[in-house]
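Encoded as structure tokens, the structure appears first; notes follow it.
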Amino acid sequence: MLSPEGLLGLVSEHTHATLTHRDGVGTIVLGKCTHFIRHLIKKGGRQMVRTHWGLFILALGLLGSAWAALKEGKPIPPFETTLVDGRAISVIIEKGALVMQTKGTKGNERMRPKALILDFWATWCVPCHIASKQLAQIYQRYRQKGVVVLGISIDEDGRSSVVPFLKEHKTPYLVALDPKATVANRFRVEGLPTIYVVNGKGVIVTAIEGVPDDPTELSRAIEKALRKAGVR
């Protein structure tokens, strides 16, 4: 049987953060589970961990089949959340077209992007950092062609973690906060990063989960999806 220390090491090595769902409220599992295991060790020792670890691993194994991410060809669900700068942002499909609208103290802005790249991520997710660099480059190349990139962070502490990260990495695209994974649940996100490329009609062209060993493959996959969305 895997020892408590072995289980802790196994979980710590996971870089693909998994989400579960319950009554529409997102709950982060991986990335938080090491804290749970350490708590069991502290409260009840090795025996308590041995008692619980089988159920824990079984639950993780069932997630993939029970909660699959939205796939290509599906329209995105409408959603509303808040950008890091405090503006409200909503994304809907209106009369067969994708519409994004922001509302803030300085006025409202309405956009009809030719393509939208959605990136579900978190500051504690190492592969997400790699994806963010690739998305920043893609944004710079395609922003004049009607492409909008929107990162959606599921960091539970919101701005406290996200704002310093964005400043450090000089992230050029829009980033929203989803601390309860409400939007992530609507998209049935089961791991981080998960990237959706959406066309101007609001239909998913490509869904990408995780980051390839060669990060440039991620860029190529996104650019291929943009071409399918009609961006040249």
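What follows is calculated from the coordinates using simple rules that are stated; it is not laboratory data. None of these values were measured; they are calculated from a predicted model. FYI the Cβ positions are ideal-geometry reconstructions off the backbone, even for glycines, and counts take in every protein chain you see.
Structure summary
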read-out: Amide hydrogen neighbours beyond the local backbone of T206, cut-off 5 Å, H modeled; value: V197
read-out: Normalised contact order of the range 86-162, rounded percent, pairs of Cα under 8 Å and 6 or more residues apart; value: 26
read-out: FRET efficiency, 1/(1 + (r/R0)^6) with R0 30 Å, evaluated for R112 and E72 via beta carbons; value: 0.90
read-out: FRET efficiency for R186 and T216, using Cβ-Cβ distance with R0 set to 45 Å, rounded to 0.05; value: 0.90
read-out: Contact order relative to length of the range 79-228, as percent, for alpha carbon pairs under 8 angstrom and 6 or more apart; value: 27
read-out: Taking D85, D155, D214 and counting other C-beta atoms within 10 Å, the order from fewest to most; value: D214, D85, D155
read-out: Burial ordering of D157, D119, D178, fewest other beta-carbon atoms within 10 Å first; value: D157, D119, D178
read-out: Sorted by Cβ neighbour density within 10 Å, fewest at the top, the residues S153, S161, S90, S132; value: S90, S161, S132, S153
read-out: Whole-number percent relative contact order across the range 147-208, with pairs defined as alpha carbons under 8 Å at least 6 apart; value: 30
